[in-house]
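Here's the structure, in C-alpha coordinates; my notes come after.
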(Lines give C-alpha, C1' and ligand atoms only; values in the text may rest on other atoms or scores of the structure.)
Protein backbone atom coordinates (compact mmCIF):
# COMPACT_ATOMS: atom_id res chain seq x y z
CA UNK A 1 0.00 0.00 0.00
CA UNK A 2 1.17 3.62 0.21
CA UNK A 3 4.08 4.96 2.18
CA UNK A 4 6.18 8.09 1.86
CA UNK A 5 5.28 11.36 0.18
CA UNK A 6 4.85 10.79 -3.56
CA UNK A 7 6.67 7.48 -3.32
CA UNK A 8 5.46 4.71 -5.52
CA UNK A 9 4.03 1.90 -3.44
CA UNK A 10 4.59 -1.81 -4.10
CA UNK A 11 1.28 -1.93 -5.98
CA UNK A 12 2.33 0.93 -8.28
CA UNK A 13 0.09 3.63 -6.78
CA UNK A 14 1.30 7.07 -5.86
CA UNK A 15 0.89 7.27 -2.11
CA UNK A 16 0.98 11.08 -1.78
CA UNK A 17 1.99 10.76 1.85
CA UNK A 18 -0.99 8.68 2.88
CA UNK A 19 -1.75 5.02 3.02
CA UNK A 20 -4.02 3.84 0.23
CA UNK A 21 -6.18 0.74 0.48
CA UNK A 22 -7.59 -1.61 -2.13
CA UNK A 23 -11.30 -2.13 -2.57
CA UNK A 24 -11.26 -5.47 -0.71
CA UNK A 25 -9.61 -3.96 2.36
CA UNK A 26 -12.05 -1.04 2.38
CA UNK A 27 -15.01 -3.39 2.00
CA UNK A 28 -13.76 -5.41 4.99
CA UNK A 29 -13.13 -2.30 7.11
CA UNK A 30 -16.51 -0.75 6.40
CA UNK A 31 -18.72 -3.82 6.32
CA UNK A 32 -19.99 -3.23 2.80
CA UNK A 33 -19.39 -5.29 -0.30
CA UNK A 34 -17.02 -4.37 -3.09
CA UNK A 35 -20.08 -4.16 -5.31
CA UNK A 36 -21.59 -1.56 -2.97
CA UNK A 37 -18.40 0.51 -3.10
CA UNK A 38 -18.50 0.41 -6.90
CA UNK A 39 -22.18 1.42 -6.82
CA UNK A 40 -21.44 4.35 -4.48
CA UNK A 41 -18.83 5.47 -7.00
CA UNK A 42 -21.24 5.00 -9.92
CA UNK A 43 -23.89 7.22 -8.32
CA UNK A 44 -21.41 9.85 -7.16
CA UNK A 45 -21.39 9.22 -3.42
CA UNK A 46 -17.76 8.11 -3.33
CA UNK A 47 -14.72 8.74 -5.45
CA UNK A 48 -11.55 6.73 -4.76
CA UNK A 49 -8.53 8.87 -4.06
CA UNK A 50 -6.48 7.16 -6.74
CA UNK A 51 -6.26 4.29 -9.17
CA UNK A 52 -3.30 2.00 -9.76
CA UNK A 53 -1.72 1.94 -13.23
CA UNK A 54 -3.82 -1.18 -13.80
CA UNK A 55 -7.00 0.73 -12.93
CA UNK A 56 -7.56 -0.72 -9.46
CA UNK A 57 -9.32 1.61 -7.05
CA UNK A 58 -7.28 2.96 -4.14
CA UNK A 59 -8.95 4.55 -1.15
CA UNK A 60 -7.55 6.84 1.54
CA UNK A 61 -8.68 7.30 5.14
CA UNK A 62 -11.10 10.09 4.13
CA UNK A 63 -12.74 7.74 1.62
CA UNK A 64 -13.16 5.08 4.31
CA UNK A 65 -14.61 7.66 6.70
CA UNK A 66 -17.05 8.73 3.98
CA UNK A 67 -18.28 5.15 3.51
CA UNK A 68 -18.73 4.83 7.27
CA UNK A 69 -20.69 8.11 7.25
CA UNK A 70 -22.91 6.86 4.42
CA UNK A 71 -23.63 3.69 6.39
CA UNK A 72 -24.35 5.72 9.52
CA UNK A 73 -26.82 7.91 7.65
CA UNK A 74 -28.51 4.82 6.24
CA UNK A 75 -28.64 2.80 9.46
CA UNK A 76 -29.05 5.45 12.13
CA UNK A 77 -31.10 8.06 10.31
CA UNK A 78 -32.83 5.92 7.72
CA UNK A 79 -31.80 8.20 4.86
CA UNK A 80 -32.05 6.89 1.31
CA UNK A 81 -29.16 7.36 -1.10
CA UNK A 82 -30.53 10.59 -2.61
CA UNK A 83 -30.93 12.07 0.88
CA UNK A 84 -27.41 10.90 1.71
CA UNK A 85 -26.11 12.59 -1.43
CA UNK A 86 -27.65 15.89 -0.26
CA UNK A 87 -26.31 15.46 3.28
CA UNK A 88 -22.78 14.57 2.19
CA UNK A 89 -22.76 17.41 -0.37
CA UNK A 90 -23.78 19.83 2.38
CA UNK A 91 -21.13 18.43 4.71
CA UNK A 92 -18.49 18.78 2.00
CA UNK A 93 -19.62 22.35 1.40
CA UNK A 94 -19.39 23.07 5.12
CA UNK A 95 -15.84 21.71 5.17
CA UNK A 96 -14.94 23.97 2.27
CA UNK A 97 -16.55 26.94 3.99
CA UNK A 98 -14.55 26.18 7.15
CA UNK A 99 -11.35 26.38 5.10
CA UNK A 100 -12.53 29.61 3.44
CA UNK A 101 -13.30 31.13 6.83
CA UNK A 102 -9.91 30.22 8.25
CA UNK A 103 -8.07 31.44 5.16
CA UNK A 104 -9.75 34.86 5.18
CA UNK A 105 -8.90 37.76 7.42
CA UNK A 106 -11.61 39.91 5.84
CA UNK A 107 -14.52 40.13 8.28
CA UNK A 108 -16.95 40.82 5.43
CA UNK A 109 -15.96 37.60 3.70
CA UNK A 110 -16.05 35.70 6.98
CA UNK A 111 -19.59 36.98 7.53
CA UNK A 112 -20.61 35.74 4.07
CA UNK A 113 -19.06 32.35 4.78
CA UNK A 114 -20.84 32.08 8.13
CA UNK A 115 -24.17 33.06 6.55
CA UNK A 116 -23.77 30.32 3.94
CA UNK A 117 -22.72 27.82 6.61
CA UNK A 118 -25.80 28.65 8.66
CA UNK A 119 -28.04 28.06 5.63
CA UNK A 120 -26.38 24.70 4.97
CA UNK A 121 -26.70 23.68 8.62
CA UNK A 122 -30.34 24.75 8.62
CA UNK A 123 -31.01 22.50 5.61
CA UNK A 124 -29.29 19.58 7.36
CA UNK A 125 -31.30 20.25 10.49
CA UNK A 126 -34.53 20.32 8.46
CA UNK A 127 -33.66 16.94 6.93
CA UNK A 128 -32.98 15.46 10.38
CA UNK A 129 -36.20 16.98 11.78
CA UNK A 130 -38.20 15.48 8.91
CA UNK A 131 -36.79 12.03 9.71
CA UNK A 132 -37.51 12.50 13.40
CA UNK A 133 -41.11 13.52 12.62
CA UNK A 134 -41.54 10.46 10.40
CA UNK A 135 -40.12 8.22 13.14
CA UNK A 136 -42.38 9.82 15.74
CA UNK A 137 -45.38 9.17 13.50
CA UNK A 138 -44.32 5.55 13.05
CA UNK A 139 -43.83 5.17 16.81
CA UNK A 140 -47.24 6.73 17.53
CA UNK A 141 -48.84 4.25 15.11
CA UNK A 142 -47.06 1.37 16.85
CA UNK A 143 -48.16 2.64 20.26
CA UNK A 144 -51.78 2.87 19.06
CA UNK A 145 -51.69 -0.65 17.64
CA UNK A 146 -50.02 -1.96 20.80
CA UNK A 147 -52.70 -0.40 22.99
CA UNK A 148 -55.49 -1.73 20.75
CA UNK A 149 -54.06 -5.26 20.96
CA UNK A 150 -53.55 -4.96 24.72
CA UNK A 151 -57.22 -3.94 25.15
CA UNK A 152 -58.35 -6.88 23.01
CA UNK A 153 -56.24 -9.23 25.09
CA UNK A 154 -57.76 -7.80 28.27
CA UNK A 155 -61.23 -8.26 26.77
CA UNK A 156 -60.49 -11.89 25.99
CA UNK A 157 -59.11 -12.39 29.48
CA UNK A 158 -62.28 -10.85 30.95
CA UNK A 159 -64.39 -13.25 28.85
CA UNK A 160 -62.32 -16.21 30.00
CA UNK A 161 -62.63 -15.09 33.64
CA UNK A 162 -66.42 -14.69 33.27
CA UNK A 163 -66.70 -18.20 31.79
CA UNK A 164 -64.73 -19.67 34.67
CA UNK A 165 -67.03 -18.00 37.21
CA UNK A 166 -70.13 -19.61 35.66
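Filtered by the rule that a residue be closer than 28 Å to residue 129 by Cβ, without any contact (Cβ under 8 Å) to a residue 40 or more places away in the chain and part of a loop (DSSP other than H, G, I, E, B), segment 54-87 gives 76, 80. The condition (being in the same structural domain as residue 45 (by TED's automatic domain parsing), surrounded by 13 or more Cβ atoms within 10 Å (Cβ to Cβ), under 30 Å from residue 39 (Cβ atoms) and under 24 Å from the mean Cα position of the chain (by Cα)) is satisfied by just one residue among 86, 93, 71: 71.
Taken over segment 32-53, the criterion of being within 17 Å of the chain's Cα centre (by Cα), exposed (fewer than 15 other Cβ atoms within 10 Å of the Cβ) and part of a loop (DSSP other than H, G, I, E, B) is satisfied by 33, 43, 44, 47.
For segment 54-68, which positions are within 18 Å of residue 88 (Cα to Cα) and buried (at least 19 other Cβ atoms within 10 Å of the Cβ)? The answer is 59, 60, 63, 66, 67.
Table: residues versus (1) outside the structural domain of residue 113 (by TED's automatic domain parsing); (2) at pLDDT 95 or above; (3) under 30 Å from residue 125 (Cβ atoms).
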site	(1), (2), (3)
15	yes, no, no
27	yes, yes, no
35	yes, yes, no
48	yes, no, no
56	yes, no, no
100	no, yes, yes
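Yes/no matrix, rows are residues, columns are (1) at pLDDT 95 or above; (2) over 20 Å from the mean Cα position of the chain (by Cα); (3) in a helix (DSSP H, G or I); (4) within 17 Å of residue 45 (Cβ to Cβ):
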residue: 115; (1), (2), (3), (4): yes, yes, yes, no
residue: 124; (1), (2), (3), (4): no, no, yes, yes
residue: 140; (1), (2), (3), (4): yes, yes, yes, no
residue: 145; (1), (2), (3), (4): yes, yes, yes, no
residue: 163; (1), (2), (3), (4): no, yes, yes, no
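The values are calculated or read from the model by the stated rules, or taken from the named source; none is laboratory data. Note that the structure is a prediction, hence the values are computed from the model and not measured. Positions of Cβ are backbone-derived with ideal geometry, glycine not excepted, and every protein chain shown enters the neighbour counts.
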